[in-house]
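Comments concern the structure below.
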Amino acid sequence: MLIGICGTICAGKHSVQDYLVQRHDFTALELAHNVSGVKTISQDLGPQTQRAHTSQVSFATVDDLLDFATQHWQQRFCTTSIHSEAVVEALCHRPFFLLLHIDAPLFTRWQRFEIRCSSTSSTLEQFVQSNDAHLYNSTTGGLAALASRAQIQLLNTTTSLQSLHSALDALNLTDESRLRPTWDHYFMTLASLAARRSNCMRRQVGCVLVRENRVISTGYNGTPRHITNCNAGGCARCNDGGGRSGVGLSTCLCLHAEENALLEAGRERVGGGAVLYCNTCPCLTCSIKIVQVGITEVVFNRSYWMDAETAKIFQEAGVQLRQFSPPKKGLVNLLDEPAGARLGGRETAQRSAKSNGIARAENANGTSSASTGGIPSLRGEPTNDIAQALETGAVAAGARRAAHP
């Protein structure tokens, strides 16, 4: 893994690099000279602004750095020598490269700069000018464009290294699935992509049906073939802006994503051991069809208002239901966290899960999931109403089996 760290002045680039080196055994790499030709703020405002950081292995060119990292690709490296898009372009083709951009509010960065460089007589205006040159240099295009290319964009508003480290621990930057997604991540991404084809006016839902890690069929919600698309007025119910979710479904002309995928596959193609991935938890109507076709496992990302009813159906039918949450990407706000909050919250969640009989497991990549013993909420913790519904459903199912052995 090679993590490239870029960002604005005094946003915390070297602090993140130091964290990776000290906490996760990364080796810091650097380019021996500034290949972009852009003056850094240290050069602009004097040598006293230089700050001691982790020792780094130096290379004359980005090609040399890339060759070294490629030859040792199973080791962990990081670099803050991301001076231009040309450097990123050279690195981004490697499957082990991850680009991280870090930023912070301008005045926060100025305050950090004042603390770090208290011996200088620079003004806020000088800092802003250097910041603009850093981001919008006319020769290289500046570093502003790199933010959109970064897989992870950090907004560092933390006020201490301890808070920064705690936030980075929770983010789990070293998760290997950020480079090569797990099967769950891969198929859920396909389901989310299928959802973009939805023409339903209410919500975008996508589904992928899989057996032995091979895609059998895909589906998304919308009106049937030869019927006017929902977003073109084909379904009066969905185009009624005053309607509430789950109300008037009997008059809805839209097929659900799960229905589309099941119809496309058919029972014979589904066979045994099929897994259904859906970006939204299936509704009650879809759940009974999923059971009938013989699906053995359902994996979803977002919750739906009737999750408890769906969970009871799947539990009675022996279908495993679990929620998958991929590693965070895009814009992530790093916030200060009260001392002991993470440990206390985790212990509370574990005690709650244990008391409700919910089997929770943490995967090797750090993402968490829960099976049909309980459905986690969007925050990843089990909800008491669903756990209670599951318990009630299990008791009812046991009574029916006792009455009809």
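Entry remark, the stretch 182-241: residues being part of a helix (DSSP H, G or I) and over 27 Å from residue 325 (Cβ atoms) number 3 in total.
Quick check: is even one residue across the stretch 134-143 within 24 Å of residue 27 (Cα to Cα) and outside the structural domain of residue 263 (by TED's automatic domain parsing)? Yes: the stretch 134-143 contains one or more residues that are within 24 Å of residue 27 (Cα to Cα) and outside the structural domain of residue 263 (by TED's automatic domain parsing).
Is it the case, given these coordinates, that residue 82 is aliphatic (A, V, I, L, M) and touching a Cys at 6+ places or on another chain (Cβ under 6 Å)?
Details: aliphatic (A, V, I, L, M): yes; touching a Cys at 6+ places or on another chain (Cβ under 6 Å): yes.
Against the criterion (aliphatic (A, V, I, L, M) and touching a Cys at 6+ places or on another chain (Cβ under 6 Å)), residue 82 qualifies.
The set of residues in the stretch 95-125 being among the charged types (D, E, K, R) and touching a strand residue (DSSP E or B) at 6+ places or on another chain (Cβ under 7 Å) consists of 103 alone.
The numbered conditions (1) under 17 Å from residue 194 (Cα atoms); (2) within 27 Å of the chain's Cα centre (by Cα); (3) of a type in the set (A, V, I, L, M, F, W, C) are all true for residue 254 except (2). Can you find a residue that is of a type in the set (D, E, K, R) and modelled with pLDDT under 90 anywhere in the stretch 11-21? No, every residue in the stretch 11-21 fails to be of a type in the set (D, E, K, R) and modelled with pLDDT under 90. Considering the stretch 126-167, and only residues there that are surrounded by fewer than 18 Cβ atoms within 10 Å (Cβ to Cβ) and assigned to a loop (DSSP other than H, G, I, E, B), the residue that is nearest to the chain's Cα centre (by Cα) turns out to be 151.
The values are calculated or read from the model by the stated rules, or taken from the named source; none is laboratory data. From a predicted model like this one, the values you see are computed outputs, not experimental measurements. All Cβ positions, glycine included, derive from the backbone under ideal geometry; neighbour counts span all protein chains shown.
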